[in-house]
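The values are calculated or read from the model by the stated rules, or taken from the named source; none is laboratory data. All values derive from a computational prediction rather than experimental measurement. Reconstructed Cβ throughout: ideal geometry from the backbone, glycine too, with neighbour counts over all protein chains shown. Note: areas computed on protein heavy atoms with side chains; ligands, DNA, RNA excluded. Shrake-Rupley method; radii C 1.70, N 1.55, O 1.52, S 1.80 Å.
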Amino acid sequence: MIQTIPTTPIDGQKPGTSGLRKTTATFRQPGYLENFVQSIWDGIGGVAGKVLVLGGDGRAFNAEAVQIILKMAVASGAAKVIVGQGGLLSTPAASNLIRARGADGGIILSASHNPGGDDGDFGVKYNTANGGPAPEPVTNAIFAASAAIAQYHILTAHDLDLNALGETGLGEMTVEVVDPVSDYAALMETLFDFDAIRALIASGFSLRFDAMHAITGPYAREILVNRLGAPEASVMNAVPLPDFGGGHPDPNPVWAHELMGLMMGADAPDFGAASDGDGDRNMIVGRGCYVTPSDSLAVIAANATCAPGYAKGLAGVARSMPTSAALDRVADARGLPCYATPTGWKFFGNLLDAGRATLCGEESAGTGSDHVREKDGLWAVLMWLNILATKRLSVAEVMQAHWAEFGRNYYSRHDYEGVDKTAAEALVADLRAQLDKLADLPAGPLVVSEAEDFSYTDPVDRSVTSGQGIQIKFEGGARLVLRLSGTGTHGATLRVYMENYEGSEFGTDPQAALVDVIAAAEALAGIKTRLGREAPDVVT
Ligand code: G16
């Protein structure tokens, strides 16, 4: 029986950088998920007759949420929902399924790299028919619907068994349960030279992939072990767990410290990599050599033609504004268009759809291409393996060769997490208010040359997105960006991004290379005093 349940708007159901992220406990409140899902249906003009994809990263509440969403899809007249077995799908695999099946859209359940479990976070993201995160006009419509909601519709029924593959009926709707891995693995085989990578591994090249007890375990096992011949032990923390084993599934040197310890040790494998909760982020590390996400993006752009899927060359490249300009140097040298967008993968969608960019990436450990409309962790790993298999160089040698050709953009991000929201907002607002007057003034040891509040005009649909981060450039070429995170769930997180170009000296520690920019940031924003913090919580 389809029930119509009266409800009232719940404050704060505003999608952030990447969907709606809240604590698991918040999502478990009666009606919270239902209100938001009905708002998605209402915001996209209903789901009657539509085909949707559904799956998540398996974190706590994934299983319950999938059942609720299925019952709400049928109650609003959806024709079919394609669900990953067990309710699981990585974010890039979901994006691929939406595209491959010509679905009208999909819902991905994840709070990405945020911790999961009963005390962690949960999230709901709506992706459109191109497979990408809903763009701002759609998320705005969903938010508006959430503020006007008066009722939601849901079928009263038993939960479906989502472990058996194949089609089944739920009311008038078809539910198709698919293997979450096979289509995605097949797509990877079309893009990369699996024979070359298999030969590299067979020659004794050793690797370790850290799935961080998150969604990529089964994907990595199928691709790296079954299809590419790596030993079983090459995939660590391979079993997905609802609380990620108590870990923080964010692939950076701080949270992937187990892998980092191994890679910096005496018996390090040749290659290490990690991915996050929902499989869209990546970390690349060679023996004794961590590769920053910005450098990884630049290396991939410079060498993508090693992979058969990109052998024809790139149409263009794109990065988020805070990401380092290492990519721009490759683009300049290769004569490629290079775009700088606001933070959030959704801003790459139009560039990819219009064929203006082939590769995109972000400092926040996201890299991807036009093969799907999400960033893709395992894709980046396979791209690196394909490059190494072609060049037969170590990761450290690839980096040295890259810097020798393009120079090095020393880069670091300092995060102040869980700080007082009012204080952080005031810090950013006060700095914003001074921007017009900063040019030519000293800032610690540096002198400001330009200061702006980043605003983006999408070159495809001409939509304008403003207030996307404070960008300050200094005489001599250094750059500083400050913005507040749009993915946190506790207080506010201030992100401070710093970079400085160096043409000939490549062996300096990044924190030392950036010491003047760090001092300039403190002089301009007074971070320590205003936020009451002596040092950043996370330095990447
Ligand atoms: C999301 C977005 C990314 C963004 C990242 C960090 O990634 O898709 O584009 O760079 O959040 O955003 P913020 O700095 O606002 O916290 P993910 O992997 O969390 O979906």
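Tell me the per residue accessible area of region 2-180 using a 1.4 Å probe; a whole number in Å² is fine.
Details: 6170 Å² over 179 residues.
The answer is 34 Å² per residue.
For the chain, relative contact order (Cα pairs under 8 Å, six or more residues apart, normalised by length) works out to 13 percent.
Could you do me a favour and compute the accessible area per residue for region 252-405, 1.4 Å probe, result in Å²? Please report the intermediate quantities before stating the final value.
Values: 4380 Å² over 154 residues.
That works out to 28 Å² per residue.
I want to make sure I understand the PRE zone here: with the label point 7 angstrom from the Cα of VAL539 toward its beta carbon, which residues in region 270-291 have backbone N atoms less than 16 Å away? Within reach of a label on VAL539, which here means backbone N under 16 Å from a point 7 Å along Cα→Cβ, region 270-291 contributes 290. For LYS421, the lysines whose Cα falls under 21 Å of its own Cα, not counting residues fewer than eight places away in the same chain, are LYS14, LYS22, LYS528.
What FRET efficiency comes out for LYS437 versus ASP11 if R0 is 30 angstrom and r is the Cβ-Cβ distance? Round to the nearest 0.05. Numbers along the way, then the final one.
Values: r = 37 Å, r/R0 = 1.23.
So the FRET efficiency works out to roughly 0.25.
Distance between the C-alpha centres of region 18-60 and region 135-177: 8 Å, rounded to the whole angstrom.
Summing +1 for each Lys or Arg and -1 for each Asp or Glu among the other residues whose beta-carbon sits under 15 angstrom from that of HIS153 gives -1. Expressed per residue, the C-alpha convex hull volume of the chain stands at 138 Å³. Where the accessible area of the chain is counted over protein heavy atoms with a 1.4 Å probe, how much of it, in %, is carbon and sulfur? Roughly 50 percent of what the probe reaches on the chain is carbon or sulfur.
The modelled label-to-label distance for the pair GLU258/ALA423, using points 7 Å beyond Cα in the direction of Cβ, is 3.4 nm. Dividing the mean sequence gap of close Cα pairs (under 8 Å, 6+ apart) by how many residues region 406-540 holds gives a relative contact order of 38 percent.
Using a cut-off of 12 Å between beta-carbons, work out the net charge of the residues near VAL254 (Lys and Arg +1, Asp and Glu -1, VAL254 not included). Please list the in-between numbers first.
Values: positive: ARG413; negative: ASP250, GLU258, ASP415, GLU417, ASP537.
Result for the neighbourhood of VAL254: -4.
Say R0 is 22 Å: what FRET efficiency, to the nearest 0.05, do ALA202 and ASP267 get from their beta-carbon distance?
Details: r = 20 Å, r/R0 = 0.92.
Step by step, r from the Cβ atoms, then E = 0.60.
Think of it as helices only: each DSSP H run of n ≥ 4 in the chain is worth -39500 (n - 2.57), and spread over all residues that comes to -9000 deg cm²/dmol at 222 nm. Taking a ≥ b ≥ c as the square roots of the Cα gyration tensor eigenvalues, with a/c under 1.5 meaning rounded and otherwise prolate when a/b beats b/c, else oblate, which class fits region 296-342? Prolate.
Within the set of other residues whose C-beta is less than 9 Å from the C-beta of THR168, count the net charge using Lys and Arg as +1 and Asp and Glu as -1. Kindly include the intermediate steps, with their values, before the conclusion.
Values: positive: none; negative: ASP161, GLU167, GLU176.
Here the count lands on -3.
Evaluating 6.51 cos²θ - 1.76 cosθ + 1.60 at θ = phi - 60° for every residue in region 530-537, the Karplus couplings come out as 6, 9, x, 10, 7, 8, x, 7 Hz, glycine and proline recorded as x. The simple spin-label model puts a point 7 Å past each Cα toward its Cβ; for ALA523 and LEU393 those points are separated by 3.7 nm.
Please calculate how many Å² of accessible area region 408-539 carries per residue, with a 1.4 Å probe and no DNA, RNA or ligand atoms counted. Can you show the working numbers first?
On the way: 5980 Å² over 132 residues.
Value returned for region 408-539: 45 Å² of accessible area per residue.
Cross-link partners of LYS80 among lysines, defined as those whose alpha carbon lies under 16 angstrom from its own and excluding same-chain residues fewer than eight positions apart: LYS50, LYS71.
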